[in-house]
Each structure stands twice: as C-alpha cells, then as structure tokens.
Amino acid sequence: MNFNFPLLKPVRMLLLPISLLAGIYIFIRNKLYDKGILRSARFSLPLIGVGNLALGGTGKSPMVEYIVRLLKDQYNVATLSRGYKRKTKGYALAGVDTTALEIGDEPMQFHRKFPGISVAVGEERIVAIPQLLHDRPDTQAIILDDVFQHRPVQPGLNILLTDYSNLYTRDWFMPTGDLRDERRSARRADIIVVTKCPDDLSAEKKKEILAEINPVPGQEVYFSAIHYGEPYHIIKGNTAPLVEETEVLLVSGIANPRPLKQYLQEHTKTYWMMAYGDHHIFSIDDLKEIIRKFQSLTNPDKLILTTEKDAVRLLKFGKELSELPVFVLPVEHRILFGEAEQFNSRILTFIEKFPMNHNTLS
C-alpha cells in the first residue's frame with residue numbers, strides 16, 4: 001500500500017497520537033544508547049552503514065551497489081542485510097542455489113549482480129557479523145544495508161540517505177509521516193546524500209538544502225540523481241534500447257515508483273503500469289494477469305519493463321518469461337556537482353586508514 005496516496009493523508013493525520021507515542025519510544029531508546037546505558041558494538045574491520053530515517057524509497061540498494069562497485073576490485077567485500085520479507089529466519093549466506101524467498105529480493109539482487117562478493121542476511125547484525133566472518137574469514141569490509149536504526153552495531157562509516165522530494169527535515173514520525181527515527185539522529189551520520197535530485201539541480205537550490213540540513217562539523221553532504229541504464233532481458237541478458245515508439249507495460253512493486261514513472265513519461269509515448277505493493281511476492285495468477293495485459297496492447301513494438309528488485313521475485317517463472325520480451329531497467333546513483341571523486345575518496349580513505357585493515361587483493 002502506498003501511504004503517500006493523497007486520499008490517505010487525512011487518515012494519516014488521524015493517527016497522530018500513535019505517531020506521538022512512536023516518537024516518545026524512539027526518543028527514549030536513542031537516549032539510552034547516547035548515554036551508554038544500551039551499548040553499541042564495534043568490530044575490528046571496516047563496517048559501512050547505508051540507511052535512512054524514513055520508510056523506504058531513498059535508494060539504499062543502488063547506494064550499496066555503488067559502494068560495491070567502488071570496492072570490489074580492491075577488497076574482499078560482503079553485504080549484510082536484514083532480508084526483508086524472506087521466508088526464512090536468522091543468519092543465511094547466499095550460495096549457488098539461493099533464491100529471493102530465502103534471503104529477500106534486495107540481497108538476491110546483490111548476489112546476482114556481483115557473484116564475486118559475499119552476500120548475507122540476518123535480522124540481528126550483531127549476531128550475523130561474527131557468523132559471516134566465520135564463513136568468510138578473508139572478508140575485508142562489510143556494507144550494512146538499512147542499518148541506521150540498528151544501534152546494537154556501530155558502523156565505522158555511516159551514510160544517511162534522504163529523498164530530495166521528501167527531506168527528513170520536513171517529515172514526521174510514522175504513521176502520520178514517514179520517519180522511523182528522530183530527525184536529530186541525522187547527526188550520527190558521517191555522510192548525508194540527498195538522493196533522487198533533478199539532473200539540473202541548481203547551485204542555489206543546493207545551497208538552500210544545505211542550510212536546511214545544517215550539517216554538524218565533520219559531516220559531508222552530497223547530492224545524487226538517478227541514472228537509468230539500458231534495459232536487459234530478464235532471462236537472456238541481451239539489451240534493448242528504450243525508444244519513444246515502444247509501448248511499455250511497467251510492472252512495479254517498489255516503495256517509490258515516482259522517478260521511474262517520470263522517466264517513462266520522458267522516454268516513451270505510451271506506457272501502462274501494473275502497480276504492486278513494495279516487496280510483493282508474485283504469484284502465478286499475477287503472472288497470468290501481466291501476460292493478459294501485455295497481450296492486450298495493440299502496438300506491435302511493445303515490451304514488459306520491470307525493476308531489478310522486482311526481477312529477482314519474477315525469476316521463478318523463468319520458463320514462461322524466457323519467451324516474453326520482459327526487460328529489466330537498471331538504476332544507479334550519479335553524484336552531482338562534480339563531487340563523485342571526493343565522495344569515493346571519503347569511502348576509500350576510511351578503509352585504507354582503518355586501524356585493523358587487512359591487505360588488499362593483489
């Protein structure tokens with residue numbers, strides 16, 4: 001369900017008392033950690049945390065992938081996620097026969113795209129990290145996905161993401177707003193990235209947002225835009241450019257499809273959308289419905305387009321999909337204002353200067 005749907009906003013306002021109770025609970029919990037009554041564990045290898053203060057849709061998965069690409073040729077890298085909506089519990093390490101139902105769609109996406117890295121899941125990171133290091137003792141850096149609220153573990157480098165169209169500075173606690181943590185928790189971040197910015201974001205607008213965020217001393221703030229790559233077939237892997245004449249059936253089960261819809265509006269004359277809930281597990285009936293809708297499109301130049309997150313949940317229908325033009329649209333972060341090198345250097349320097357760092361790959 002999309003809680004930002006306009007008709008639901010009055011309902012969300014009626015839930016303000018629940019939001020106030022949630023805010024009190026979060027405030028007390030954070031205070032217990034800040035005062036050292038509840039303790040955060042540190043580990044003797046570089047941990048990079050990627051997270052947000054709001055519920056979904058800020059681009060965490062593409063940021064994890066960005067960091068993996070940056071590091072994987074120099075270091076033995078692992079990712080550790082909670083494994084949201086998987087059918088298993090506890091710690092699990094991805095292997096050859098692993099499915100999205102076992103580890104979750106986002107970890108499965110990392111596993112498929114980067115077969116040379118270790119991909120693990122575990123609800124309790126403080127338990128999962130030692131298990132991962134036991135299984136993969138040569139691990140030199142771990143990227144912790146969606147970890148900002150998981151305070152039992154303290155990453156050495158915390159990267160906080162906030163959506164340009166819904167900055168945490170303007171948000172409120174769930175369920176009235178989208179926040180699942182206090183706005184002041186942003187002070188724990190080493191790096192703040194304002195994601196999903198317009199490609200042509202002006203220097204003046206950047207300055208306004210920086211003033212609104214008001215970073216604490218030592219914090220670095222960057223701005224990124226979404227960059228979509230060339231679609232590739234979900235089974236065969238061949239690519240096909242998205243041209244204006246193509247009629248597109250978009251199949252999407254992600255938290256915030258707005259940038260994707262805008263992209264299609266700019267690059268195609270006609271597209272149709274079949275929207276599902278975030279992390280939706282596709283059934284055979286869903287597949288039949290998708291095929292029926294696709295067959296009803298009259299343009300001979302047509303295809304089905306989906307996201308990488310949705311693709312890993314559709315792969316179980318590989319036989320049916322192999323004969324259909326089902327293409328996956330890859331997405332990446334692009335750091336704006338010529339600051340990509342500075343952003344990369346901040347991450348690389350953190351690992352290079354980490355006190356217990358191991359040797360890089362030869």
_Which listed residue, of Leu161, Leu144, Leu167, is under 12 Å from Leu53 (Cβ atoms), surrounded by 24 or more Cβ atoms within 10 Å (Cβ to Cβ) and not small (Gly, Ala, Ser)_ = Leu161
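Being without any contact (Cβ under 8 Å) to a residue 12 or more places away in the chain and either out of contact with any Gly (no Cβ under 6 Å at 6 or more places or on another chain) or not β-branched (Val, Ile, Thr) (or both): is that true of Lys288 here?
Criteria met by Lys288.
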*Does the range 128-144 include one or more residues that are of a type in the set (A, V, I, L, M) and within 23 Å of Ala311 (Cα to Cα)?*
yes
*Looking at (1) of a type in the set (S, T, N, Q); (2) free of Cβ contacts under 8 Å to residues at least 40 places away in the same chain; (3) farther than 28 Å from Tyr84 by Cα, which is the only condition Thr246 fails?*
(2)
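Among the candidates Arg12, Arg29, which residue alone is surrounded by fewer than 22 Cβ atoms within 10 Å (Cβ to Cβ), within 25 Å of Thr169 (Cβ to Cβ) and in contact with a Leu (Cβ under 9 Å, 6 or more places away or on another chain)?
Arg29
Can you tell me which residue is surrounded by the fewest Cβ atoms within 10 Å (Cβ to Cβ) among those in the range 272-281 that are at pLDDT below 95 and out of contact with any Gly (no Cβ under 7 Å at 6 or more places or on another chain)?
Our first condition is that a residue be at pLDDT below 95; within the range 272-281, this holds for 275-281.
Among the residues that remain, those that are also out of contact with any Gly (no Cβ under 7 Å at 6 or more places or on another chain) are: 275, 281.
Details: Ala275: 13, Ile281: 16.
Taking the candidates together, the pick is Ala275.
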*Output the residue which, of all residues in the range 171-192 that are assigned to a loop (DSSP other than H, G, I, E, B) and small (Gly, Ala, Ser), is modelled with the lowest pLDDT.*
Gly177
*Select, from Phe337, Phe350, the only residue that is within 28 Å of Pro198 (Cβ to Cβ) and touching a strand residue (DSSP E or B) at 6+ places or on another chain (Cβ under 7 Å).*
Phe337
*Just name the residue that is nearest to Gly318 (Cα to Cα) out of those in the range 223-262 that are surrounded by fewer than 20 Cβ atoms within 10 Å (Cβ to Cβ) and aromatic (Phe, Trp, Tyr).*
Tyr232
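Do we find a residue being among the polar types (S, T, N, Q), surrounded by 16 or more Cβ atoms within 10 Å (Cβ to Cβ) and without any contact (Cβ under 8 Å) to a residue 60 or more places away in the chain anywhere in the range 116-132? Break it down stepwise before answering.
Taking the range 116-132 and keeping what is among the polar types (S, T, N, Q), we get 118, 131.
Filter once more, so that each one left must be surrounded by 16 or more Cβ atoms within 10 Å (Cβ to Cβ): 118, 131.
Keeping just the survivors that are without any contact (Cβ under 8 Å) to a residue 60 or more places away in the chain gives 118, 131.
Within the range 116-132 (the criterion being among the polar types (S, T, N, Q), surrounded by 16 or more Cβ atoms within 10 Å (Cβ to Cβ) and without any contact (Cβ under 8 Å) to a residue 60 or more places away in the chain), the answer is yes, since at least one residue qualifies.
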_For the range 33-88, which positions are within 23 Å of Ala186 (Cβ to Cβ), in a loop (DSSP other than H, G, I, E, B) and not assigned by TED's automatic domain parsing to the domain that holds Met174?_
Arg82, Tyr84
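Could we say that Gly116 is out of contact with any helix residue (DSSP H, G or I) (no Cβ under 8 Å at 6 or more places or on another chain), closer than 24 Å to Ser345 by Cβ and in a strand (DSSP E or B) here?
Numbers: out of contact with any helix residue (DSSP H, G or I) (no Cβ under 8 Å at 6 or more places or on another chain): yes; closer than 24 Å to Ser345 by Cβ: yes; in a strand (DSSP E or B): no.
No.
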*Select from the range 61-112 the residues that are among the small types (Gly, Ala, Ser) and surrounded by fewer than 17 Cβ atoms within 10 Å (Cβ to Cβ) and write down the one among them that is farthest from Lys236 (Cα to Cα).*
Gly90
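Restricting to the range 264-281, and then to whatever is assigned to a loop (DSSP other than H, G, I, E, B) and not β-branched (Val, Ile, Thr), can you tell me which residue is nearest to Pro300 (Cα to Cα)?
Step one: filter the range 264-281 for residues assigned to a loop (DSSP other than H, G, I, E, B), giving 268-269, 276-281.
Add one more test, that the residue is not β-branched (Val, Ile, Thr), and what stays is 269, 276-280.
On the way: Lys269: 14, Tyr276: 26, Gly277: 29, Asp278: 31, His279: 31, His280: 29 Å.
Out of the qualifying residues, it is Lys269.
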*Inter-residue pairs, beta-carbon under 9 Å, first closer than 20 Å to Gly116 by Cα and in the range 47-75, second of a type in the set (Phe, Trp, Tyr) and surrounded by 24 or more Cβ atoms within 10 Å (Cβ to Cβ), 6+ apart*: Ser61/Phe110; Val64/Phe110; Glu65/Phe110; Val68/Phe110
_Cβ contacts < 7 Å: first residue closer than 25 Å to His227 by Cβ, restricted to the range 295-311; second residue of a type in the set (D, E, K, R) and in a loop (DSSP other than H, G, I, E, B), any location; separation 6+ or different chain. Result?_
Asp301/Glu245
*Among the numbered criteria (1) small (Gly, Ala, Ser); (2) in contact with a helix residue (DSSP H, G or I) (Cβ under 6 Å, 6 or more places away or on another chain); (3) at pLDDT 95 or above, which single criterion is violated by Gly83?*
(3)
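The values are calculated or read from the model by the stated rules, or taken from the named source; none is laboratory data. Since the structure is predicted, the reported quantities are computational estimates derived from the model, not experimental observations. Glycine gets a Cβ as well: all are built from the backbone with ideal geometry, and neighbour counts include every protein chain shown.
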